[in-house]
1. With the requirement that a residue be in contact (Cβ under 8 Å) with a residue 60 or more places away in the chain and among the charged types (D, E, K, R), what does segment A:363-378 give you?
2. In this structure, is A:GLY59 within 24 Å of A:ARG226 (Cβ to Cβ) and open to solvent by 30 Å² or more (accessible area, probe 1.4 Å)?
3. Could you list, in sequence order, all residues of segment B:32-66 that are within 10 Å of another protein chain (Cβ to nearest Cβ) and either in contact with a strand residue (DSSP E or B) (Cβ under 6 Å, 6 or more places away or on another chain) or surrounded by 11 or more Cβ atoms within 10 Å (Cβ to Cβ) (or both)?
4. Pull up segment A:337-367, narrow it to residues that are open to solvent by 60 Å² or more (accessible area, probe 1.4 Å) and either over 32 Å from the mean Cα position of the chain (by Cα) or within 14 Å of another protein chain (Cβ to nearest Cβ) (or both), then point me to the one that is modelled with the lowest pLDDT.
5. Got at least one residue in segment A:221-232 being aromatic (Phe, Trp, Tyr) and more than 15 Å from A:GLY159 (Cβ to Cβ)?
6. If the requirement is being outside the structural domain of A:LYS218 (by TED's automatic domain parsing) and over 18 Å from A:VAL14 (Cα atoms), which of these qualifies: A:LEU111, A:LEU86?
7. Any residue that is under 28 Å from the mean Cα position of the chain (by Cα) and either over 25 Å from A:ASP210 (Cα atoms) or not in a strand (DSSP E or B) (or both) - is there at least one of those in segment A:96-103?
8. Consider B:ALA80 carefully, then state whether it is within 14 Å of chain A (Cβ to nearest Cβ) and at pLDDT below 90.
Amino acid sequence: MPRFEEIKVGDTAVVVHAITEKDIQRFVDLTGDDNRIHVDKEYASHTPLKKPVVHGMLGASFISTLIGTKLPGDGALWFSQSLEFLFPVRVGDVLTVRAEVLKKHDGERTLEIRTDIYNQDNQKVTAGTAKVKVYEEEVPKDAPPASAEQTQETALVIGGSGGIGEASVLALAGAGFDVAFTYLKNEEKAAQIKEKVEAIGRKCVVCRADVADEGQVKALAQTVERKFGGLTAIVFSATGKAPAIKFGALEWGEMQRHFNVHVKGTFNVLKAFVPMMESRKYGKIVCVTSMYIEYPSTDLAPYITAKSALNGFSKALALELAPKGIRVNMVSPGMTETDLVAAVPQKAKMLIEARTPLQRLSQPSDVANAICFLASPQSDFLTGETIRVNGGQTMI
Amino acid sequence: MTQSVPDRVRNVLSAVLGVPADSIGEFASPQTLEAWDSLKHMNLVLALEEEFGVSFSDEQMLEMLNFKLIVATVQEILGA
């Protein structure tokens, strides 16, 4: 969160939000605006708009989020706003609210900020300008001096609503970390996980983010920095479906999809978060790779290739970041009982169990425990290392 | 009353390996039963083929790594 003195003309910030039916319902419940053009599909179909249109002020309300939490953030008092609604917004649209400082008046401590909203097709749906006064907290004279030392351990789990991700979030919370995590689609499950973390007594921040999108990752970094003030550990457990595809039928798009999650996503997140760790001269990065990069299975080329690239990327960074106090390690699970393998035939799972010295599949908690160890100070003399959580299937 | 596939497999294993049927658990395998060596495994395959009136492929024989997998393989062939 920048202080007023640190804000410059040209500074920018973004907030991204995907509009859902639930948003419309909440807005109607809160404001009472149940105009049929917004809520009645049949009615809307008989208008030139053909489909319901999202309340303009619902989209515009995210300008408040942007001003109140990012630019300038805490202490902002919004005293003027112009708005033009240029293009209809529909349920399912992904809105990107962009703010840019146009003018700064030091004497009055005010900012003039351009606040435009774009949809997923980069069409400007709302244009406007905000005027904001910035107040700062008055620190009591006898308050202890602010310390740069962060004492509370904090972790960010990328892909926290998946099987291994959820187990990692809960294990880290159990080990005393405040935890932020990202999810892509499953908002309901993300909310449940947040409740579980808070029940443990730890803070939890949930962010919907596609980490292959640089803008969304920047917004994520601003949120985490604002809520936690810094970060001790980052865990990459995001993954996508990995259907079995023969090479003859494989298209590059499928390869790219896996690279986007495992390599580009990791790249974007580390670009945004490593500077936070560098400033503390300490950080723990844990990447979830896969047993299949050392013990390949047929028809999984995109998954295996992208995970192998992640393995190489992690080792390269382990070397480069070690002098800065940042450790980069990997956890390599065997087949783990999560939704991702729900479609694998039962007999195939039984064969893997029978060929595993410890005679069972990996559980998400097995992987999470190894992740937790690598996020903790107990593993401070490890970097570039891989913990294989596969019941003894690969012994290297 | 007709015996279930798992019970029939267990009885065949018991007879071929010379161990009590109740000592054969779901994860019984050559690693857990000393009597289950490679020679007995071949006898076991023949006895199972006779018991169920089926013929196992080479791949299916290799997949018979424990009691549970033998049951799954037999059920797969019988369409049970």
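1. Scanning segment A:363-378 gives no hits.
2. No; evaluated as a whole, the condition is false for this residue.
3. Within segment B:32-66, B:THR32, B:GLU63, B:MET64, B:LEU65, B:ASN66 meet the criteria.
4. Among those that are open to solvent by 60 Å² or more (accessible area, probe 1.4 Å) and either over 32 Å from the mean Cα position of the chain (by Cα) or within 14 Å of another protein chain (Cβ to nearest Cβ) (or both), it is A:PRO345.
5. Yes, segment A:221-232 contains at least one residue that is aromatic (Phe, Trp, Tyr) and more than 15 Å from A:GLY159 (Cβ to Cβ).
6. Among A:LEU111, A:LEU86, only A:LEU86 is outside the structural domain of A:LYS218 (by TED's automatic domain parsing) and over 18 Å from A:VAL14 (Cα atoms).
7. Yes, that holds for at least one residue.
8. yes
The values are calculated or read from the model by the stated rules, or taken from the named source; none is laboratory data. The structure presented is a predicted model; accordingly, all values stated were derived computationally and were not measured. Neighbour counts run over all protein chains shown; Cβ positions are idealised from the backbone, glycine included. Surface areas here come from the heavy atoms of the whole protein model, side chains and all, with no ligands, DNA or RNA. Shrake-Rupley method; radii C 1.70, N 1.55, O 1.52, S 1.80 Å.
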